[in-house]
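Step one of this worksheet: look at the structure below.
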Amino acid sequence: MMKDAQAGMALRCNGIRKSYDKRAVVDVAELDIPAGETLAVLGPSGSGKSTLLSILGLLEPPDTGEVYLDGKKVTHHDKAARMHMAAAFQSPYLFKGTVADNVAYGLKLRRMLSVDRRSAVADSLDRVGLGGWEDRSALTLSGGEAQRVALARALVLRPRVLLLDEPLSSLDPLIKGQLAQDFARIIREHSMTTLYVTHDQNEAMAIADRMVILRDGVPVASGTVDEVTGLPPDAWTANFLGAESPMQGSVVSSADGLIGIDTGGCVVYAGGLEEIESRLIVGVRPEDVLLFEADADIPLTTARNRFLGTVVDVELWGVMYHMVIDICGSRLASRVSRASVRDMGLETGSKVQVVFKASAVRYKRI
Amino acid sequence: MKISARNQLRGTVVSVKEGAVEAQVVLDVGGQHIVSVVTVDAVKELGLSEGSPAVAVVKADSVMLAVD
């Protein structure tokens with residue numbers, strides 16, 4: 001599909017603060033979404049993410065701070081700026097009438113000619129996989145179909161900034177997964193700058209380029225999806241993401257692009273250049289952690305890390321097991337297939353050898 | 001030896017390209033090539049060079065599938 005002639009606009013804010021009843025709900029020093037990128041804002045209920053979306057979407061003013069669209073300062077009074085934006089919310093807010101009536105609503109407000117409206121609505125419904133659904137009654141749609149219509153209603157305005165506030169959170173998991181993939185494809189195809197608010201990290205991982213995590217209105221982690229989920233900066237963020245807390249350690253060796261990090265009894269090897277005694281937080285993606293039987297005579301491998309550990313937690317997450325292994329007092333997770341768990345007889349208390357490559361280790365200075 | 005990785009592919013090293021820190025090792029497995037990026041340190045320790053036998057170990061959730 002061709003990209004829209006009008007691609008996304010860069011969205012940025014500085015020093016945004018907002019309070020309700022003297023309680024600060026948003027306190028964001030800086031946030032930047034480059035043109036055409038998708039930023040997911042994650043956080044638990046009440047973390048201020050929807051308020052932040054409203055402020056960045058010029059739907060309500062902050063108490064202090066500025067919003068910039070393509071470098072130009074804009075406010076909620078700026079109608080021209082608001083015309084570049086469109087939104088979809090958790091509740092699709094469809095009114096009685098046909099699907100076409102609902103999708104065309106914003107175009108009517110913008111006084112588009114009827115003949116042009118029809119073709120724009122048809123095109124927009126095509127984009128969301130509902131081509132030919134114009135005459136259906138909007139109130140008979142399933143939850144997933146209604147959200148597709150809500151997205152079509154936003155897309156028909158050809159926005160340069162798309163705001164999505166938990167659009168999938170009321171749907172069942174199967175529909176949600178499919179729709180998240182579809183939303184990601186549609187957003188990428190049209191190069192819109194997108195702000196996606198959710199409390200579901202799987203949705204964020206499917207859709208976003210970058211993510212920021214809010215706790216009590218304040219960003220506690222930000223970066224690419226891989227950076228944030230691969231190495232949550234602290235125990236709270238790790239817990240929110242369902243990950244293990246990062247290990248902490250000091251660099252004890254550094255040679256030929258390989259550093260050794262003492263995490264309290266175990267030396268973990270990672271690719272990189274850091275000075276001796278640098279303090280780091282360290283994480284390993286569960287997908288990259290291999291388990292061997294405790295007494296296996298492991299031949300030489302290219303993996304630089306090999307430890308003896310004890311399984312301390314076993315949980316079934318979807319089709320794979322999430323196993324937590326204690327190595328030298330630190331908790332390390334491994335994603336393991338059901339077949340492997342069965343073959344190896346893994347359970348809480350099992351001793352295992354834990355093996356992972358240096359390139360699987362993420363670290364950050366503290 | 002039991003191991004949590006579902007895939008263990010036996011093959012022969014057909015090339016080793018060393019960079020400053022990492023090396024790219026290509027393994028021939030039954031006529032197909034599989035590429036691994038490892039540390040130069042690991043290449044030395046395992047003595048990998050053209051003709052060396054080696055096993056590629058790949059976790060099931062690292063395998064991406066596509067259709068023609």
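Simple rule: put +1 on each Lys or Arg Cβ and -1 on each Asp or Glu Cβ in segment B:7-52, find the dipole, and look at B:Val40, B:Asn7, B:Ala20; the Cα lying farthest toward the positive end is B:Asn7. Look at the stretch B:1-11: the mean tally of other chain Cβ atoms within 10 Å of its residues' Cβ atoms is 6. Rounded to the nearest 20 debye, the dipole size of chain A about its Cα centre is 1360 debye, using +1 on the Cβ of Lys and Arg and -1 on the Cβ of Asp and Glu. The simple Förster model, with R0 at 25 Å and r as the Cβ-Cβ distance, assigns A:Asp32 and A:Ser169 a FRET efficiency of 0.45.
For chain B, relative contact order (Cα pairs under 8 Å, six or more residues apart, normalised by length) works out to 39 percent. Rg and Dmax of segment A:247-365, based on Cα coordinates, read 14.4, 43 Å. When chain A is treated as a GNM with alpha-carbon contacts under 10 Å, the residue of A:Pro61, A:Pro286, A:Pro299 showing the greatest mean-square fluctuation is A:Pro299. Each residue, A:Asp226 and A:Lys364, gets one label point 7 Å from its Cα in the Cβ direction; the gap between the two is 1.6 nm. For chain B, a crude dipole built from +1 on the beta carbon of Lys and Arg and -1 on the beta carbon of Asp and Glu, taken about the Cα centre, is about 300 debye to the nearest 20.
Across the options A:Thr75, A:Ser114, A:His199, the greatest Cα extent toward the positive end of the charge dipole of the protein assembly as shown (unit charges at beta carbon of Lys, Arg, Asp, Glu) belongs to A:Ser114. In the distance distribution for segment A:177-328, Cα-Cα pairs more than 18 Å apart total 67 percent. Exposed loop sites are taken as GluC sites (Glu not before Pro) in a DSSP loop (any state but H, G, I, E or B) with at most 13 other beta carbon atoms within 10 Å; the longest stretch of chain A without one runs A:1-274. The spacing between segment A:204-256 and segment A:328-366, judged by their C-alpha centroids, is 18 Å.
Counting only the backbone N, which residues of segment B:8-23 are under 17 Å from the spot 7 Å out from the Cα of B:Val63 toward its beta-carbon? The answer is B:8-11. Looking at A:Ile213, A:Ala243, A:Gln147, which one has the Cα that reaches farthest to the positive end of the dipole of chain A (charges on Cβ: Lys, Arg +1; Asp, Glu -1)? Looking along the dipole axis, the top candidate is A:Gln147. Comparing A:Val268, A:Val354, A:Val341 in a Gaussian network model of chain A (Cα springs below 10 Å), the most mobile by mean-square fluctuation is A:Val341. Across A:Gly329, A:Gly260, A:Gly144, mean-square fluctuation computed from a Gaussian network of chain A (C-alpha pairs under 10 Å connected) peaks at A:Gly329. With pairing defined as another cysteine C-beta under 4.7 Å, the cysteines of chain A that fail it are A:Cys13.
For chain A, the longest principal axis of the C-alpha atoms and the axis of helix A:114-127 are separated by about 20°. Placing a label point 7 Å from the Cα of B:Val29 along the Cα-to-Cβ line, the residues of segment A:300-329 whose backbone N sits under 17 Å from it are A:301-303.
Please state, rounded to one decimal and in Å, the Kirkwood hydrodynamic radius that segment A:130-265 gives when every pair of distinct Cα atoms enters the mean of 1/r. Value: 17.6 Å, from the Cα pair sum.
Can you flag which of A:Lys22/A:Lys79; A:Lys18/A:Lys96; A:Lys364/B:Lys17; A:Lys49/A:Lys72 are past 27 Å Cα-Cα?
A:Lys22/A:Lys79; A:Lys18/A:Lys96; A:Lys364/B:Lys17
Here the Debye sum runs over all C-alpha atoms of segment B:7-52 as equal scatterers in vacuum, and log10 of I(q)/I(0) at q = 0.17, 0.19, 0.21, 0.29 Å⁻¹ comes out as -0.43, -0.53, -0.64, -1.08. Among the trypsin sites (Lys or Arg not before Pro) in segment A:21-107, those located in a DSSP loop and surrounded by at most 15 other Cβ atoms within 10 Å of their own Cβ are A:Lys22, A:Lys96. In plain terms, the chain from A:Asp135 to A:Arg279 could stretch by 45.6 nm, reckoned as 0.36 nm per residue minus the Cα-Cα distance. With r as the distance between the Cβ atoms of B:Glu18 and A:Arg306 and R0 = 22 Å, compute the FRET efficiency 1/(1 + (r/R0)^6) and round to 0.05. After rounding, the FRET efficiency stands at 0.45.
Considering only chymotrypsin sites (Phe, Trp or Tyr not before Pro) in DSSP loops that have at most 16 other Cβ atoms within 10 Å, the longest stretch of chain A without any of them is A:96-366.
Between B:Glu45 and A:Arg342, the FRET efficiency estimated from the beta carbon spacing at R0 = 25 angstrom works out to 0.15.
Here the dipole of segment A:247-365 is about 320 debye; that uses its Cα centre as origin and unit charges on the Cβ of Lys and Arg (positive) and Asp and Glu (negative).
Sites listed here are trypsin sites (Lys or Arg not before Pro) in segment B:1-58 whose DSSP assignment is loop and whose Cβ has at most 14 other Cβ atoms within 10 Å: B:Lys2. Within chain A, the percentage of alpha carbon pairs spaced more than 34 angstrom apart rounds to 39%. Entry note, segment A:247-365: relative contact order of 31 percent, from Cα contacts under 8 Å with a spacing of 6+ residues.
Each reported figure results from applying straightforward, stated rules to the coordinates on display, with no laboratory input. The structure presented is a predicted model; accordingly, all values stated were derived computationally and were not measured. Positions of Cβ are generated from backbone atoms using ideal geometry, with glycine treated the same way; all protein chains shown enter the neighbour counts.
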